[in-house]
Amino acid sequence: MDRRRFFKLLGGGILLSPLLRARAQQGLWDAKTLEPLKALGTPLSEYGERASFEAEVVRYISPNLRTRTSGADFAPLEKLNGVITPNGLHFERHHGGVPQVDPQAYRLVIHGMVGQPLMFTLEDLKRFPSTTRTYFIECAGNGQNGYRNPPDPNLTATRSRGLASNVSWTGVPLALLLKEAGIKPEARWLIPEGMDAVAYTRSLPLDKAMEDVLVAYAQNGEALRPEQGYPVRLVVPGWEGSIQVKWLRRILVTDLPTMSKDETSEYTDVMADGKVFAFTWIMDPESIITYPSGLQQIKPGFHEIRGLAWSGYGRITKVQISFDEGKTWREAALEAPVERRAFVRFKLPWNWDGKEVVLWSRAWDEAGHTQPTRGEFFQKWGRNNRYHYNAIQAWRIAADGRVSNGDRPLSGLAQGPSGGCGGEVFDV
Ligand SMILES: Nc1nc2c(c(=O)[nH]1)N[C@H]1C(S)=C(S)[C@@H](COP(=O)(O)O)O[C@H]1N2
Ligand SMILES: [Mo]
């Protein structure tokens, strides 16, 4: 039988199904759909590109920030699958742009309160025993767009929580390098510094460094991207992004923190009474429903509610969904493996009856922490703070299926906080 006839018959046979006949009448397919292409495809390529049709899946850069070297952009959370953030879509936060570093010229120095100062080339670092682990990185300013009052009606999942990404990192445990240098007994702190033009510097407690900090050179199987710190950055599991120094140039071992400009002018939490918290390192639990979420539109019927949750305190133990603004909760399924200090995907099957509804999600972690409501968060922090916003994000589904920000305005607050790391208008 010739191929043409075969496909015609096959097509005709399938068309006996009433459902497919209806589909064909809607113009959604015909028997030709089953025929192979008539032209050969493109040849092999040395470095793969995604399908051209996917070009709109990009990081969100606020129009206010497009030309700024100090700024942040957002991973497109609602357009991603699974838990790994693709390298080209990892959120970015730079204080002085992205330096281009030649890996041949790269050097890392460890000095200060050590038995012997050491210098490593990239090759040296790669000879040490390596570790690969999946961890999230989240900017302390994540959530700032949700922190506004009154709430932004055009908020998306990306703009609500996209200053976070999740990566399989490869590198050397920092503890190995410190042991090599020999830490003096009075040493308590490390001062890692980046090689970018702002000489980015933070204070890192020695205990955390010895526990699980990585000197990372790879991101999801390939070298770090320049935006993520090529060739070497610190990965500090579960702690705020700002301490995870990129383009790592040196580590000074000391007995005291430095109180550097990068941890005093920024990344301190101003409380409602004006008192300031410094060194709030561990990121509180977060969750965000990515489907359905802001600016999407759904139809009545079956949907899988999907989202991402994570916590700097360890494993996520539970994610709950509410359809009545917190009066009752249903437990979502968590997709295994649930790793410590990494994104986990949650899912809940749901039939939408076409009536207006507000969805909430709330994550719990193994330390027993959970997310506050928006009202609780504002009560604690007032409108002074710019960081560590992890209140429940609400999505409202209108009767026409359109999804928008379901957060309620809070009385007594004229406006939200201004500027800062996670906002789209900068005052730094
Ligand atoms: N050297 C250097 N390291 C840096 C920064 C920087 O500007 N310079 N920004 C910090 C901040 S505030 C964050 S949130 C993370 C962002 O990491 P990413 O750009 O890989 O997402 O890097 C941190 N490390
Ligand atoms: Mo940050």
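Of all strands (runs of 3 or more DSSP E) completely enclosed by the range 278-337, which ones contain at least 2 residues that are hydroxyl-bearing (Ser, Thr, Tyr)?
On the way: elements: 286-291, 301-310, 316-322.
Once the strands (runs of 3 or more DSSP E) in the range 278-337 are filtered for at least 2 residues that are hydroxyl-bearing (Ser, Thr, Tyr), what remains is 286-291, 316-322.
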Restricting the search to the range 80-90, which residues are under 20 Å from ARG341 (Cα atoms) and either within 11 Å of ligand 1 (Cβ to nearest atom) or assigned to a helix (DSSP H, G or I) (or both)? THR85, ASN87, LEU89, HIS90
Check the range 130-153 and report whether any residue there is within 16 Å of ligand 2 (Cβ to nearest atom), within 30 Å of ASP284 (Cβ to Cβ), β-branched (Val, Ile, Thr) and surrounded by 16 or more Cβ atoms within 10 Å (Cβ to Cβ). yes
TYR267 versus (1) within 16 Å of ligand 2 (Cβ to nearest atom); (2) under 12 Å from ASP196 (Cα atoms): which is the lone unmet condition? (2)
Any chance ARG50 is farther than 17 Å from GLN228 by Cβ, more than 20 Å from the chain's Cα centre (by Cα), within 16 Å of ligand 2 (Cβ to nearest atom) and outside any strand (DSSP E or B): no
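This table checks each residue for (1) under 16 Å from VAL232 (Cα atoms); (2) in the same structural domain as TYR291 (by TED's automatic domain parsing); (3) within 16 Å of ligand 1 (Cβ to nearest atom).
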position	(1), (2), (3)
GLY41	no, no, no
PRO63	no, no, no
THR67	no, no, no
PHE74	no, no, yes
GLU78	no, no, no
PHE120	yes, no, no
Checklist (1) in contact with a strand residue (DSSP E or B) (Cβ under 8 Å, 6 or more places away or on another chain); (2) within 16 Å of ligand 1 (Cβ to nearest atom); (3) modelled with pLDDT under 95 applied to PHE277, failing item: (2)
Residues within the range 330-359 that are touching a residue at least 40 places away in the same chain (Cβ under 8 Å) and more than 15 Å from ASP284 (Cα to Cα), tallied: 17
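Being within 19 Å of THR134 (Cβ to Cβ) and either charged (D, E, K, R) or touching a residue at least 60 places away in the same chain (Cβ under 8 Å) (or both) is true for just one of ASP196, ASP212. Which residue is that? Give the steps one after another, and end with the answer.
Values: ASP196 fails: within 19 Å of THR134 (Cβ to Cβ).
Being within 19 Å of THR134 (Cβ to Cβ) and either charged (D, E, K, R) or touching a residue at least 60 places away in the same chain (Cβ under 8 Å) (or both) holds for just one of ASP196, ASP212, which is ASP212.
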Among the residues of the range 162-171, write down those that are crowded, with 24+ Cβ neighbours inside 10 Å and away from ligand 1 (no atom under 13 Å from the Cβ). GLY171
Here's a check for you: in the range 235-261, which residue that is near ligand 1 (Cβ under 8 Å from one of its atoms) and part of a strand (DSSP E or B) is farthest from ALA187 (Cα to Cα)? GLU240
Exactly one of these conditions fails for GLN100: (1) in a strand (DSSP E or B); (2) within 14 Å of ligand 1 (Cβ to nearest atom). Give me its number. (1)
If only one of GLU266, GLU227 is under 18 Å from the mean Cα position of the chain (by Cα) and either farther than 11 Å from SER203 by Cβ or at pLDDT below 95 (or both), which one is it? GLU227
Some residue of the range 252-275 being in the same structural domain as HIS388 (by TED's automatic domain parsing), of a type in the set (Val, Ile, Thr) and more than 30 Å from ILE110 (Cβ to Cβ): no
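Kindly indicate whether GLY182 is surrounded by fewer than 24 Cβ atoms within 10 Å (Cβ to Cβ) and either at pLDDT 95 or above or assigned by TED's automatic domain parsing to the domain that holds PRO237 (or both). Before you say what the answer is, go through the steps one by one.
Working: surrounded by fewer than 24 Cβ atoms within 10 Å (Cβ to Cβ): yes; either at pLDDT 95 or above or assigned by TED's automatic domain parsing to the domain that holds PRO237 (or both): yes.
So GLY182 passes the test.
Conditions (1) over 21 Å from GLN104 (Cβ atoms); (2) of a type in the set (A, V, I, L, M, F, W, C); (3) out of contact with any Gly (no Cβ under 9 Å at 6 or more places or on another chain), marked per residue:
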position: LEU155; (1), (2), (3): yes, yes, no
position: VAL172; (1), (2), (3): no, yes, yes
position: LEU190; (1), (2), (3): yes, yes, no
position: ASP207; (1), (2), (3): yes, no, yes
position: TYR217; (1), (2), (3): no, no, no
position: VAL232; (1), (2), (3): no, yes, no
Find all pairs meeting these conditions: Cβ atoms under 6 angstrom apart; at least six residues apart or on different chains; first residue within the range 116-136 and free of Cβ contacts under 8 Å to residues at least 60 places away in the same chain; second residue part of a loop (DSSP other than H, G, I, E, B). MET119/ARG107
Go through (1) under 30 Å from ILE298 (Cα atoms); (2) over 13 Å from the mean Cα position of the chain (by Cα) one by one and return the number of the condition LEU80 breaks. (2)
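The values are calculated or read from the model by the stated rules, or taken from the named source; none is laboratory data. As the structure is a prediction and not an experimental result, all values here were calculated from the model. Ideal geometry is used to build each Cβ from the backbone, glycine not excepted, and the neighbour counts take in all protein chains shown.
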